[in-house]
Structure formats: C-alpha cells, structure tokens
1. Taking into account only those residues within segment 127-153 that are closer than 15 Å to GLY63 by Cβ and of a type outside the set (A, V, I, L, M), which is farthest from the chain's Cα centre (by Cα)?
2. Which one is modelled with the lowest pLDDT, of the residues in segment 114-148 that are farther than 22 Å from ALA185 by Cα and touching a Gly at 6+ places or on another chain (Cβ under 8 Å)?
3. Would you mind finding the one in THR287, THR207 that is closer than 28 Å to THR60 by Cα, at pLDDT 50 or above and not in a loop (DSSP other than H, G, I, E, B)?
4. So, in segment 212-236, exactly how many residues are open to solvent by 10 Å² or more (accessible area, probe 1.4 Å) and either small (Gly, Ala, Ser) or in a strand (DSSP E or B) (or both)?
5. Do you know which of the residues in segment 176-199 that are part of a strand (DSSP E or B) and open to solvent by less than 10 Å² (accessible area, probe 1.4 Å) is nearest to SER62 (Cα to Cα)?
6. Looking only at segment 178-205, how many residues end up being polar (S, T, N, Q), in contact with a Cys (Cβ under 9 Å, 6 or more places away or on another chain) and within 13 Å of THR165 (Cβ to Cβ)?
7. Going by the structure shown, is LEU200 within 25 Å of VAL44 (Cα to Cα) and out of contact with any Phe, Trp or Tyr (no Cβ under 9 Å at 6 or more places or on another chain)?
Amino acid sequence: MRFSRTTMLVGGLAIALAVPAIAIAKAGPDTSSSPSYIIGGSTVSSAPWSAQVYRGGNFTCSGTIIAPTWVLTAKHCVGSSMSVRVGNVNRGSGTQASVTQYYNAPNGSDLSLLKLASAAGSTFAQLGTANPPVGAEVNIYGWGMTCRTGCQPSTVLKTARVRVTSICRDYYGGEAICSTRIDGAAWSGDSGGPKMHNGLQVGVASTADGGTNQQYTSVIPSRAWIMQMIGGSQTTPPPTTTRPPSSPPATTQPPTTPPTTQPPGGTTWAPYTYYAAGTTVTYNGVTYRCIQSHTAYPGWEPPNVPALWARV
C-alpha cells in the first residue's frame with residue numbers, strides 16, 4: 001500500500017493513489033524493510049466494509065461501503081464504466097455491483113459517493129464526527145501497490161499504522177489529515193481507502209509520497225452532506241429516489257464562461273440553462289435550491305440529481 005503526488009494522487013492525477021489511472025511520481029528511496037506489505041504493515045483477514053473500485057473492469061482504487069447502496073471513495077478515482085466489489089479482502093472477490101452515478105463532495109474536496117445499482121453489503125464503515133488529534137495512532141487500509149515500481153496492487157487487503165502529524169490539504173485543496181509512517185505507508189491503488197481512528201472512518205486516501213507521509217481527505221467537513229445523500233442513516237437503506245441520469249457530468253464546476261446574468265429565482269427549471277448556487281427554481285410544482293453551480297442538461301431535472309439541487 002503506497003501512494004504519492006510526488007506525493008502521489010491516490011488515484012492517478014499527480015500520483016493519486018489510484019492504479020494506472022495515475023502515474024506514480026518518484027520520491028525518496030524506499031526504506032521499507034517489508035516490501036511485500038502495504039509497503040510495510042500487514043494483511044487483513046476480514047473487512048466486510050471494504051470496497052474495491054473498478055473502472056472499465058480494471059481495479060483502480062480502494063473505498064468503503066457506508067450504506068447498502070453507497071460507497072465512499074476519492075474524487076480523483078471516479079469516471080465512466082464503474083463498478084465495485086464489496087465485503088471481501090481478496091482483490092477480485094466479493095459482492096459485485098455496478099455504479100449508476102457518482103456525486104462529488106460539494107465543498108470541492110477529494111471525496112466522491114458512488115451510487116450502486118443494487119445493495120451490496122450489510123456491514124458498513126461508520127463515519128467519525130471529529131478529526132483525530134495530532135499524535136494519535138490511526139490505521140490505513142487499501143489494495144495498493146506493495147512496492148514503488150514494478151509490482152501489481154496487493155491481492156489481499158492490507159493495513160498499516162500511521163501517526164497524525166497535522167491538519168493539511170488534499171489534492172484539491174480540501175481539508176486533510178496528514179500522517180507519517182509507523183509500520184507502513186500508502187501507495188498507488190490505496191486512493192479512496194479509509195483512515196480509521198478508534199474504529200471510525202475519519203479520512204479518505206488522497207495523496208502520499210510512497211515512503212513516509214500521506215494526506216487523507218477528512219470526512220468531517222463533508223459528513224452532513226454524506227448523511228443527507230445516503231438518507232441520514234448508516235444502518236437503514238436510503239429512501240427510494242428517481243434514478244439519476246446514466247451519464248453524469250465529468251465535473252460539477254460551472255462553465256469557463258458563464259452567462260453574464262443569472263436566471264431570476266423562482267423560475268421554472270429548463271435544460272441548457274446555467275444555474276448559480278443559491279438559485280431557486282420550480283419543477284413539477286416543487287421548489288428547489290441549487291447547491292452547486294452548473295449548466296443543466298436533459299436528464300438533470302432537480303429530483304434526479306440531489307448533488308445539484310435541494311428541495312426547499
């Protein structure tokens with residue numbers, strides 16, 4: 001398990017920890033005495049909350065299942081033709097489910113929620129409510145590469161102990177929990193995997209240097225949004241909603257050159273229209289407030305995309 005942006009992007013941007021979706025930047029020499037592990041660390045025998053993330057049928061990132069049809073991973077891991085395998089520590093095994101849509105955290109951090117086509121688990125990673133203190137010992141998990149170059153992602157889920165050093169920034173500038181190696185470090189393929197403190201998930205792998213330090217996006221600033229998306233509970237299925245469009249936007253950022261005037265509040269929703277955050281519209285007699293600026297397209301009607309619209 002090991003990642004870096006030079007420090008690598010756990011997913012493939014600057015060496016995010018995703019597998020070949022991200023190239024791994026070279027840092028200092030590997031000083032691990034146990035290159036067969038996470039880069040260090042040890043293997044895990046059971047982790048029913050674990051999730052393997054695939055794109056185009058290829059393993060790309062790690063993640064966690066946090067509700068029957070929701071997986072939490074890193075934003076830099078998402079893309080087209082996604083699927084997951086849940087509940088088995090052996091890569092390539094576990095309950096398989098396709099991803100119908102993904103939703104990036106509205107605060108711009110390196111977090112994304114994957115909506116599954118069917119329920120894929122019954123034991124979920126529980127989210128923490130506060131960042132661990134500096135100096136705390138925490139655990140990281142993932143199927144990342146076991147050496148800097150020339151090896152494949154681990155065939156078995158691994159874990160390593162690391163120590164919190166500070167609150168820092170993730171690949172996109174979001175709040176992150178920085179840590180340093182105790183007996184292992186993260187690397188390519190660990191992107192999206194969890195950082196656990198006292199049995200609760202507090203972080204999602206974003207970047208690392210592949211030898212000593214890693215930056216995990218904090219789930220705390222996004223916890224309220226996550227709970228809203230999954231239905232407000234991690235122990236019961238989320239409420240039934242209209243299925244999101246099959247072709248999600250590549251990003252949720254506004255167009256490079258938005259129109260100079262915004263639609264007035266309270267107008268009827270229409271496709272091919274730019275909506276700024278805070279704008280209100282009506283659709284089928286119901287009022288919605290825009291929570292992320294975007295240009296609307298057919299299929300992105302407010303009830304279909306809760307990442308963009310909130311019912312008033």
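1. PRO153
2. So, considering only residues that are farther than 22 Å from ALA185 by Cα and touching a Gly at 6+ places or on another chain (Cβ under 8 Å), the one modelled with the lowest pLDDT is GLY121.
3. From the options THR287, THR207, the qualifying one is THR207.
4. Looking only at that region, the number is 6.
5. Initial filter on segment 176-199 (part of a strand (DSSP E or B)): 176-181, 184, 194-197.
With the extra rule that they be open to solvent by less than 10 Å² (accessible area, probe 1.4 Å), the set shrinks to 176-177, 179, 184, 194-195.
On the way: ALA176: 17, ILE177: 18, SER179: 18, GLY184: 17, PRO194: 8, LYS195: 11 Å.
Filtering first and then ranking leaves PRO194.
6. Looking only at that region, the number is 0.
7. yes
A quick yes/no check of all residues on (1) under 17 Å from GLY192 (Cα atoms); (2) without any contact (Cβ under 8 Å) to a residue 40 or more places away in the chain; (3) charged (D, E, K, R); (4) out of contact with any helix residue (DSSP H, G or I) (no Cβ under 9 Å at 6 or more places or on another chain):
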residue	(1), (2), (3), (4)
GLY41	no, no, no, yes
PRO48	yes, no, no, yes
GLN52	yes, no, no, yes
PHE59	yes, no, no, yes
PRO68	no, no, no, yes
HIS76	yes, no, no, yes
VAL84	yes, yes, no, yes
VAL99	yes, yes, no, yes
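The values are calculated or read from the model by the stated rules, or taken from the named source; none is laboratory data. Everything numeric here is computed off the predicted structure, so don't read it as measured data. Neighbour counts are summed over all protein chains in view; Cβ atoms, including those assigned to glycine, are modelled from backbone coordinates with ideal geometry. What goes into the accessible areas is simple: the full protein's heavy atoms, side chains included, and nothing from ligands, DNA or RNA. Shrake-Rupley method; radii C 1.70, N 1.55, O 1.52, S 1.80 Å.
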